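J.: Below you will find the structure I want to go over with you.
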Amino acid sequence: MSEKVLMKGNEAIGEAAVIAGCRYYFGYPITPQSELIEYMAKRLPQVKGVFLQAESEVAAINMVYGAAGAGARVMTSSSSPGVSLKQEGISYIAAGELPCVIVNIMRGGPGLGGIQPGQADYFQATKGGGHGDYHCIVVAPNSVQEMAELTVHAFNLADQYRNPVMILSDGALGQMMEPVNFHDLPVIPVDKPWATTGMGERDKPNMIDTLRLKPDELEELNNTLQNKYALLQKREVRWEETFTEDAELVLVAYGISSRIAYSAMEIAREQGYKVGLFRPVTLWPFPKDALAKAVNNASDVLTIELSAGQMVEDVNLAIRCSKPVHFYGRTGGMMMSPQDVYEQIVEIFRIKGGK
C-alpha cells in the first residue's frame, strides 16, 4: 500500500502488523477492538499466516507465548477486561524474555464496564499488571496513522529487546476512520538464535522457562531484566511537545485526550493564554526528563485523562512536585470536549491571576 487509504484505527493496526512480518495472531473477540480480530482473520491467510480464535483470553496469551518462543512475530489484542485475563501470561512472557505485541483498545471500566473509550488501564499497562518485577514497553498512538507506525515500531522493539510491547489505545481511536499511508514503514529483521526451532547444528537444545527454584538464580534473572529496563529508559523514550518554550501552563495528555487537549490549546492561544502541550508517546518508559525540561518555565501543569487520574502520578514524579499539577478527567466512557478543557485552562489562569 503506497497510497493513503481510509481505514479504522483497528484495521490499520492489523495491516501494519502484517507489513511488520506478523504471521501469527491469537485472540478472542471483545468490543471495541473486534474489527482488529476480524481483519486478521481475513488478512493472515492471504499471506500464509495463522489466525486462531482461542477459546478464551487466557488460552490466547499462552498461544502467543508458544509462538514467540519459536521465534515468530506474533500478536494478540483485546480490550480492558480481556487484557486483565491475559496478565499472568504476560508476566510469563516478560520473564521468558520473549518478543510479542499486545494491543489494548481500552474501554470504560472497572469491571465489565462499557464499550465507550477510556484510559483507565494506564496503571495496569505501565506498572506491570501481572505478578513480579517486570515491564512491558508501552506506546500510545493518537491517530490512525500513528497506530500503523507504532505497530511496526512495536514489533521492531519487541525483537530488539526480547520484551513484550503493548500498544495502548482506546475505543475512539480504534473506531475512528482517517487516511493512513503504509509506505516506507521501517521493518527491522532480528536474528533469534535463542528460539526453540529444533536442534539444528547446536550441541544442546534451546530452552525457555521461567521457573527458578534457587533464589540466587531467580535474582540473577531479575537483575538481567532490570538492566534491560534501565537501557530502555535511556534509549527508547518518545514524546512530542508543542509551544512549551513560552508556556505558562503546560497540558499533559496522551492518546485521544491529547487531540482534545491540542484543540483546547489552540483556542487558549487565540485568546492570549500561553499554553503548551506535552504528549508522551511512550508511556513506559515515561519521558520524565523531557517533561521536567518542558515545564521548566511554566508555573502550572494540567494533566488530562479519560480516567480518575493515573498518569497524573507519573507527571508529579517527573517534575518532583516542583509546581502545581492540576487534573481534569472524565470516566465511564464519557469524553471531555475542547471547550471543557479550555474552561479548565481559564480557571487555572484566573486563580493565578492573569494571562
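The values are calculated or read from the model by the stated rules, or taken from the named source; none is laboratory data. A quick note: this is a predicted structure, and the numbers were derived from the prediction, not measured. Note that each Cβ is placed from the backbone with ideal geometry, even for glycine, and that neighbours are counted across all protein chains shown. Please note that ligands, DNA and RNA were not included when accessible areas were found on the heavy atoms of the full protein model with its side chains. Shrake-Rupley method; radii C 1.70, N 1.55, O 1.52, S 1.80 Å.
J.: What is the set of long-range amide H partners of Trp284 at a cut-off below 5 Å, with H atoms built 1.01 Å from backbone N?
T.: Answer set, sorted by chain and number: Val138.
J.: How many angstrom lie between the Cα centre of segment 161-203 and the Cα centre of segment 141-156?
T.: Comparing the Cα centres of segment 161-203 and segment 141-156, I get a distance of 10 Å.
J.: Report, by chain and number, residues whose modeled amide H sits under 5 Å from the one on Val74, excluding near sequence neighbours (fewer than 5 apart, same chain).
T.: Val101
J.: Would you work out what percent of the accessible area of the chain, with all protein chains in place, is carbon or sulfur (probe 1.4 Å)?
T.: 51
J.: Counting only residues 5 or more places away or on other chains, whose amide H sits under 5 Å from the amide H of Val252 once H atoms are built in the peptide plane?
T.: Phe278, Leu302, Thr303, Ile304
J.: How much of the DSSP beta bridge set in segment 213-338 is antiparallel, as a percent to the nearest 5?
T.: Within segment 213-338, antiparallel bridges account for around 25 percent of the total.
J.: Indicate, rounded to the nearest 5 percent, the antiparallel portion of the DSSP beta bridges found entirely in segment 1-154.
T.: So the antiparallel bridges in segment 1-154 amount to around 10 percent.
J.: First measure r as the distance between the Cβ atoms of His183 and Asn296, then evaluate 1/(1 + (r/R0)^6) with R0 = 41 Å and state the FRET efficiency to the nearest 0.05.
T.: 0.60
J.: Go through [x] 38; [y] 27; [z] 32 and flag the label whose value is the computed percent of Cα pairs over 32 Å apart for this structure.
T.: Of the labelled values, this structure produces [z].
J.: Fully extended, how many nm does the chain gain between Ala41 and Ala54 (0.36 nm per residue separation, minus their Cα-Cα distance)?
T.: Computed gain between Ala41 and Ala54 is 3.5 nm.
J.: If the cut-off is 17 Å between C-alpha atoms, which lysines fall inside it for Lys204, apart from same-chain ones fewer than 8 positions away?
T.: The reachable lysines, counting only those whose Cα sits under 17 Å from Lys204, are Lys192.
J.: Under a plain spin-label model, where a point goes 7 Å from the Cα along Cα-to-Cβ, how far apart in nm are Glu88 and Gln160?
T.: 3.4
J.: Same structure, new question: Return the distance in nm (one decimal) between the two label points of a simple spin-label model at Leu317 and Glu3, each offset 7 Å from Cα along Cα→Cβ.
T.: Result: 4.8 nm between the two label points.
J.: Which distance in Å, rounded to a whole number, links the C-alpha centroids of segment 8-30 and segment 43-68?
T.: So the separation of the two Cα centres works out to 11 Å.
J.: Now for a different question. Report ³J(HN,Hα) in whole Hz for each residue of segment 133-141, in order, from the Karplus equation J = 6.51 cos²θ - 1.76 cosθ + 1.60 where θ = phi - 60°; Gly and Pro get x.
T.: 8, 9, 9, 8, 6, 10, 10, 10, x
J.: Please list 263-271, 147-155 highest first by mean number of surrounding beta-carbon atoms within 10 Å per residue.
T.: Ranked from most to least packed, the peptides come out as 147-155, 263-271.
J.: Holding the Cα-Cα limit at 22 Å, pick out from Lys8/Lys288; Lys127/Lys228; Lys234/Lys288 the pairs that are longer than that.
T.: Listed pairs above 22 Å: Lys8/Lys288.
J.: Next question, about the same structure. Suppose we keep just the DSSP beta bridges with both residues in the chain; what percent of those would be antiparallel, to 5?
T.: 25
J.: Here is a follow-up. Give me the 1.4 Å probe accessible area per residue for the chain, excluding ligands and nucleic acids, in Å².
T.: Counting only protein heavy atoms, the per-residue value for the chain is 43 Å².
J.: Determine the distance separating the Cα centre of segment 75-120 from the Cα centre of segment 291-355; give it in Å without decimals.
T.: Centre-to-centre (Cα) distance: 27 Å.
J.: Arranged from highest to lowest average of other beta-carbon atoms within 10 Å per residue, in what order do the peptides 163-170, 320-327 appear?
T.: 163-170, 320-327
J.: Please give the contour-minus-distance gain from Leu112 to Lys234: 0.36 nm per residue of separation, less the Cα-Cα distance, rounded to one decimal in nm.
T.: Extra length from Leu112 to Lys234 when fully extended: 40.2 nm.
J.: Could you tell me the accessible area of Glu3 in Å² (1.4 Å probe, neighbours in place), rounded to the nearest ten?
T.: Using a 1.4 Å probe on the heavy atoms, I get roughly 130 Å².
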